[in-house]
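See below for the structure under consideration.
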Amino acid sequence: MKTAVVHEWLVTYAGSEKVCEQLLLLYPEADLFSLVDFLTEHQRHFIQHRTVHTSFIQRLPFANPHFRQYLPLMPLAIEQFDLSTYDLILSSHHAVAKGVLTRADQLHISYIHTPIRYAWDLQQQYLQGAGLNQGVKALLVQPLLHYLRLWDVACANRVDHFIANSDYVARRIWKTYRRRATVIYPPVAIDRFSPDCQRDEFYFTLSRFVPYKKVDLIVAAFTQLGLPLVVMGDGADRARLQAIAGAHIQFLPPQPDAVVVDYMQRCKAFVYAAAEDFGIAAVEAQAAGAPVIAYGRGGVTETVISGKTGVLFEEQTVESLMEAVQQFEAGVPLVEPAHRRHQVERFAPDRFQRELSQFIEQKWAIFRQGDGVQ
């Protein structure tokens, strides 16, 4: 099979990029396509320093770092990729990647991290967070998102098979596209962590500072509780978060992986307040032996066992999080760190490669036997 891997944009090494990395390891001869490629030289390890086929957005003014401002052009840009010589197309999708154009004699399998959030279930949060929910800007942006939704649903028909990164996302795929999806959990490098380290008294959260991550909820709760919290990350909300934080809240910018591992292994508990599609950080925390205090919605309900490996709170409010932390402080009878590590071993990269390889090989065999209609 001549294979193409299509990824939205290459600017960092985060959750979706870890899936892209595994796709490229599974198909080392595959060609890689991305709307833009702004990786620095030392970030290119996960794509094996290969050449990337980029779109016209790469060459537009101020695309680096403001490529997201070209969202209206992304559907057009993704459709310009010439994939006519490939047998198998693997798209890694959270915005527009699944919209590539393919023929009936090509097999397109799309790994869905999420249907495009800011056009669907989080539209209002994104608009409010960006100040685009009122006035003239709202009159411009809302029709754009309406168009994006229409395009997003239409191009779902270009995909032969959907893979979801969690049951939660599979339900959202059905809700949005009325298509079934097979769940293959994403790869988590759990071997980086040891569950046997001595735990300190600080709580820890790791996140981008954007509205839907709800870092402000965590900062406000720990400010009121008077408990030590380390907040690692960066984003547009940094100034606002620092303004509401108490003296015992420490902010750290994004750190090298070794530093992240150290904090995960030493924290009293890892705190998570977003409704995540999967939530790799919560799995990493458990691999490091840390209990997880998290909002009980989304993919985290599939990775954290409430009352055993962590505490889940029911409402996305400061009060509900405070109650969960107080419950944890009172001594919830959780399992030992080694058992927390054991229960997340099912998310290891070798398991991901095995399940994905079996899925693709099965679908390819069926596809080649007939006319591709299944």
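The values are calculated or read from the model by the stated rules, or taken from the named source; none is laboratory data. These numbers were taken from a predicted model, which means no experiment stands behind them. Cβ sites come from the backbone with ideal geometry, for glycine too, and all protein chains shown count toward neighbours.
Numbers below:
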item	result
Any hit, segment 169-192, residues being assigned to a loop (DSSP other than H, G, I, E, B), among the hydroxyl-bearing types (S, T, Y), in contact with a Gly (Cβ under 9 Å, 6 or more places away or on another chain) and touching a residue at least 60 places away in the same chain (Cβ under 8 Å)	yes
Filter result (in a loop (DSSP other than H, G, I, E, B), surrounded by 14 or more Cβ atoms within 10 Å (Cβ to Cβ) and of a type in the set (A, V, I, L, M)) within segment 240-263	A245
Which numbered condition V219 misses (of (1) free of Cβ contacts under 8 Å to residues at least 60 places away in the same chain; (2) over 16 Å from I293 (Cα atoms); (3) assigned to a helix (DSSP H, G or I))	(2)
Output for segment 226-239, where each listed residue is modelled with pLDDT under 95 and either within 22 Å of the chain's Cα centre (by Cα) or surrounded by 14 or more Cβ atoms within 10 Å (Cβ to Cβ) (or both)	G233, D234, G235, A236, D237, R238
Residue selected from segment 68-112 under the condition of a type in the set (A, V, I, L, M, F, W, C) and in a loop (DSSP other than H, G, I, E, B), by the criterion farthest from the chain's Cα centre (by Cα)	A104
Failed criterion for L23 (all others in (1) under 22 Å from A365 (Cα atoms); (2) surrounded by fewer than 21 Cβ atoms within 10 Å (Cβ to Cβ) hold)	(2)
Verdict on G331 being buried (at least 17 other Cβ atoms within 10 Å of the Cβ), not aliphatic (A, V, I, L, M) and not in a helix (DSSP H, G or I)	no
Condition met for V260 (over 15 Å from A221 (Cβ atoms) and touching a strand residue (DSSP E or B) at 6+ places or on another chain (Cβ under 7 Å))	yes
Restricting segment 264-307 to residues that are surrounded by fewer than 22 Cβ atoms within 10 Å (Cβ to Cβ), part of a loop (DSSP other than H, G, I, E, B) and of a type outside the set (D, E, K, R), the residue that is modelled with the highest pLDDT	G296
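Here's the yes/no breakdown for (1) modelled with pLDDT of 95 or more; (2) surrounded by fewer than 22 Cβ atoms within 10 Å (Cβ to Cβ); (3) under 15 Å from T114 (Cα atoms):
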{"residue": "I163", "(1), (2), (3)": "yes, no, yes"}
{"residue": "S166", "(1), (2), (3)": "yes, no, yes"}
{"residue": "V169", "(1), (2), (3)": "yes, no, yes"}
{"residue": "Y177", "(1), (2), (3)": "yes, yes, yes"}
{"residue": "T182", "(1), (2), (3)": "yes, yes, yes"}
{"residue": "I190", "(1), (2), (3)": "no, yes, no"}
{"residue": "P195", "(1), (2), (3)": "no, yes, no"}
{"residue": "L206", "(1), (2), (3)": "yes, no, no"}
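Here's the yes/no breakdown for (1) over 29 Å from Q353 (Cα atoms); (2) of a type outside the set (K, R); (3) under 15 Å from the mean Cα position of the chain (by Cα):
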| site | (1), (2), (3) |
| --- | --- |
| P143 | yes, yes, no |
| I163 | no, yes, yes |
| T182 | no, yes, no |
| S194 | no, yes, no |
